[in-house]
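Trainee: Attaching a single structure in structure tokens format; questions to follow.
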Amino acid sequence: MDIDLLKGCGTTVTFHEGQAICREGESGQSMFVLLRGKVNVIINSFSDNSQVVDTLQEGSFFGEMSLLEGKPRSATVIASTADVIVLEVSQTDFSMLLLNATSITYRLLLSLNNRLNGMLDRIEEKDKRFVFKYRKNPIYATIQKMDVRSFDAIAKKDPDYVWTLLKYLSSSLEKLNHEYLQRIDL
């Protein structure tokens with residue numbers, strides 16, 4: 001990721017081990033890029049059991065789903081090492097970043113797509129029909145075929161479509177988390 005470009009679009013914040021960076025259910029007015037340390041991503045299932053669903057490393061980002069969807073945070077993120085440093089990017093800066101830095105936007109798209117595919121792959125072993133509705137979506141198919149050149153061409157021609165692609169991935173991840181946790185807890 002182009003850290004210099006990112007640093008011009010946000011504020012650096014330090015968190016200590018065990019400290020919450022954002023909490024599930026809170027409104028989200030920013031996203032975060034992990035510059036140093038590790039964080040745990042935790043969600044609560046319907047049976048009120050907290051589950052660590054991921055551990056993110058330096059260079060990862062989180063919180064973008066709230067910005068894209070305008071919905072409350074879907075997970076709690078906790079600093080899991082000493083002195084975790086994040087770059088907090090506001091809604092205004094995020095929009096400018098998406099419009100002016102297609103390389104970063106493409107990496108965001110890839111990361112969201114990889115998260116979605118990882119979840120679909122894990123679920124598919126148990127419930128192929130549940131996963132099929134995600135994999136048959138035409139937007140999903142478009143994203144799977146995209147490379148950096150085709151993405152750059154789309155971003156220059158139709159930035160609103162890029163926003164649509166990001167929102168699709170974000171909302172699919174949120175729905176998948178919600179639906180699948182509900183299925184597990186029933």
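Readers should treat all values here as calculations from the given coordinates under stated rules, not as data from a laboratory. The structure presented is a predicted model; accordingly, all values stated were derived computationally and were not measured. Every residue, glycine as well, gets a Cβ built from its backbone with ideal geometry; the counts of neighbours run over all protein chains shown.
Trainee: Per residue of region 74-86, in order, report the coupling 6.51 cos²θ - 1.76 cosθ + 1.60 (Karplus, θ = phi - 60°) as ³J(HN,Hα) in whole Hz, putting x for Gly and Pro.
Mentor: In residue order, the calculated couplings are 8, 7, 9, 10, 10, 5, 10, 9, 5, 6, 6, 10, 10 Hz.
Trainee: For the residues Y168, Y134, what sequence is obtained by ranking on other C-beta atoms within 10 Å, fewest first?
Mentor: In increasing order of surrounding Cβ atoms, one gets Y134, Y168.
Trainee: Rg over Rh of the chain, using C-alpha atoms and the Kirkwood radius, what does it come to?
Mentor: 0.96
Trainee: So how do V86, V53 line up by other beta-carbon neighbours within 10 Å, fewest first?
Mentor: In increasing order of surrounding Cβ atoms, one gets V53, V86.
Trainee: What is the Cα centroid distance between region 76-153 and region 22-38, reported in whole angstrom?
Mentor: Between the Cα centre of region 76-153 and that of region 22-38, the gap is 15 Å.
Trainee: Considering all projection directions equally, how large on average is the shadow of the alpha-carbon convex hull of region 3-94, in square nanometres?
Mentor: Numbers: hull surface 22.1 nm².
Here the figure is 5.5 nm², rounded to one decimal.
Trainee: Quick check on my link table: of K38/K128; K71/K133; K38/K71; K136/K175, which ones sit more than 27 Å apart, alpha carbon to alpha carbon?
Mentor: K38/K128
Trainee: What ³J(HN,Hα) values, in whole Hz, does the Karplus curve 6.51 cos²θ - 1.76 cosθ + 1.60 give for region 137-154 when θ = phi - 60°, with x put for Gly and Pro?
Mentor: 5, x, 5, 4, 4, 4, 5, 5, 8, 6, 10, 4, 5, 5, 5, 4, 5, 5
Trainee: If each DSSP helix of 4+ residues adds -39,500 (n - 2.57) and the sum is divided by the residues in the chain, what number results at 222 nm, nearest 500 deg cm²/dmol?
Mentor: Value at 222 nm, helices only: -16000 deg cm²/dmol.
Trainee: Just for the Cα atoms in region 90-137, what are the lengths along the principal axes, largest first, rounded to whole Å?
Mentor: 40, 18, 14
Trainee: Okay, moving on. Long-range amide H contacts for E58: which residues qualify at under 5 Å (H placed 1.01 Å from N, peptide plane, sequence gap of 5 or more or a different chain)?
Mentor: It is G37, by chain and number.
Trainee: In a Gaussian network model over the chain where Cα atoms closer than 10 Å are linked, find which of D160, D93, D127 has the largest mean-square fluctuation.
Mentor: So, out of D160, D93, D127, the one fluctuating most is D127.
Trainee: Next question, about the same structure. Starting from the exponent 0.38 and prefactor 2.2 Å, build the expected Rg for region 43-102 from its residue count and divide its actual Cα Rg by it.
Mentor: Cα-based Rg divided by the globular estimate yields 1.33.
Trainee: For the ranges 30-37, 104-111, what's the packing order if you count other beta-carbon atoms within 10 Å of each residue, average per peptide, and put the highest first?
Mentor: Output ranking for 30-37, 104-111: 30-37, 104-111.
Trainee: Continuing with this model, one more query. Starting from the amide H of V53, placed 1.01 Å from N in the peptide plane, find each other amide H under 5 Å away whose residue is 5 or more places distant or on another chain.
Mentor: Close amide H contacts, sequence-distant or interchain: V41, I42, I43.
Trainee: While we're looking at this one, here's another question. HN-Hα J couplings of region 165-172 from phi, Karplus 6.51/-1.76/1.60, θ = phi - 60°, integer Hz, Gly and Pro as x?
Mentor: 4, 5, 5, 4, 4, 4, 5, 5
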